[in-house]
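Read the figures in this text as sums done on the coordinates, not as results from a lab. As the structure is a prediction and not an experimental result, all values here were calculated from the model. Quick reminder, even Gly has a Cβ in these numbers, built from the backbone with ideal geometry, and neighbours come from all protein chains shown.
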Amino acid sequence: MEVCGTHTMAISRYGLRDLLPAGMRLVSGPGCPVCVTAVGDLDVVVALARLPEVTIVTFGDLVRVPSSHSSLAAERAAGADVRVVYAPTDALELAAAEPERQFVLAGIGFETTAPTVAGALLMARERGLGNFSVLSLHKTMPGALRALLDAGESRIDGFILPGHVSVVTGSDCYRFLPGEYGVGGVVAGFTAADVLEALLLLARQQEPAIEIGYRRAVTAAGNRVAQELLARVFAPCDAVWRGLGLIPGSGLRLSEEFRDFAAEERFTVEPGEPVEPRGCRCGEVLRGLIDPPECALFGRRCTPEMPVGACMVSSEGACAAHFRYRAFDDPAGADD
Amino acid sequence: MCLAIPMRITATDGAAATIEADGLVQKTSLMLVPDARVGDYVLVHAGFAIAVLESDDAAERLALFEEIAGMAAGDEPGPDTDPQADKPYDPSI
């Protein structure tokens with residue numbers, strides 16, 4: 001199983017599934033941050049966007065993901081102020097330029113992205129930006145892997161571990177996989193050769209182990225500076241993942257020191273009970289239980305143009321990657 | 001979403017750096033890689049350098065990128081040609 005959206009894209013784009021020997025099957029896991037964001041959390045973001053004094057700042061993919069009854073795109077069409085940035089620090093410039101408005105950064109992403117939001121928060125404090133806050137929906141990967149294996153339903157024999165998450169965390173954080181579950185893993189880079197190398201290393205393991213294929217960027221210990229920054233700005237919290245449910249300690253909220261930048265402290269919203277999209281099987285896709293075409297909505301009611309589920313929205317979602325590169329049994333449409 | 005691009009540091013100003021790859025010049029923060037120096041290749045994600053790369057590796061990687069870009073631009077037309085090749089996909093590094 002791969003647990004990184006960039007791997008999901010690479011595997012589909014290069015058609016790697018078609019190259020594998022019989023007996024080896026690749027499944028996509030919860031590696032796309034947009035996809036694993038829970039509907040209830042999206043509802044909070046939408047509710048914040050409806051506050052007249054608030055501008056929501058986020059990364060592009062989140063805008064089109066359906067919430068219970070809306071989406072950021074729909075709110076923007078209805079007049080809400082929703083802006084897309086490339087880097088969290090861009091949000092600081094927006095906030096500095098319009099001091100009369102409140103800028104809320106919807107912080108999504110795993111250990112790769114969370115340090116960049118932490119860095120932006122440090123800069124916001126230095127600059128005294130009182131109109132900037134963060135709704136932290138960040139998540140950490142080890143807890144999700146544990147939850148998948150604890151559920152015991154997807155029969156995973158090995159993991160292609162995320163390259164850029166591991167740049168920050170280091171590969172040591174996965175040692176519990178062979179130690180407690182007897183499952184090996186290889187940290188992989190993002191070219192076709194990188195992914196194939198990871199599969200080769202996995203297949204050659206006599207005993208389950210954690211190895212690094214992506215040696216040019218990843219070490220066992222990871223980026224200590226980034227880890228220290230994460231530990232200072234964030235604190236672990238329970239988090240709800242789409243498809244996986246509540247995973248204890250797998251989320252990051254702002255620490256006491258940065259609590260005054262927490263959007264949930266600054267604004268009160270009541271988004272109501274979350275409603276999952278009807279018929280959507282993103283949850284099973286994210287757990288590696290089904291391939292995207294097994295969902296009745298796939299390619300019919302749910303397409304990249306009119307997505308029902310989050311996995312079809314983000315380009316690195318398993319459904320979107322599958323739709324784009326395999327074009328479900330339509331040889332004329334298959335471009336890989 | 002965890003895309004990161006290898007770029008070379010051409011100048012620094014405290015924790016801010018100017019970085020370059022294939023003619024693209026950007027600013028980034030070195031807050032997460034305080035030991036990075038001018039000339040180093042760094043992996044850049046969302047406005048922050050997150051790792052310093054072994055320079056031989058990075059150069060090799062960039063050469064590979066150029067080769068891939070050449071293929072996508074039509075040097076090797078055929079069934080593998082991606083109709084969306086004009087839309088840059090970044091396989092990260």
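The table for this structure:
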{"item": "Neighbour net charge for residue A:258 - beta-carbon separation under 13 angstrom, K R +1, D E -1", "result": "-1"}
{"item": "Extension gain from residue A:93 to residue A:77, taking 0.36 nm per residue of separation minus the Cα-Cα distance", "result": "3.4 nm"}
{"item": "DSSP bridge orientation in the protein assembly as shown - percent antiparallel, rounded to nearest 5", "result": "55 percent"}
{"item": "Given 13 as the ceiling on other Cβ atoms within 10 Å, longest exposed-site-free region of chain A for trypsin sites (Lys or Arg not before Pro) in DSSP loops", "result": "A:26-154"}
{"item": "Where GluC sites (Glu not before Pro) in DSSP loops with at most 13 other Cβ within 10 Å are excluded, longest remaining stretch of chain A", "result": "A:154-304"}
{"item": "Region A:1-74 versus region A:102-131: alpha-carbon centroid distance in Å", "result": "20 Å"}
{"item": "Cα-based shape type of chain A, given that a ≥ b ≥ c are square roots of the gyration tensor eigenvalues and the cut on a/c is 1.5", "result": "oblate"}
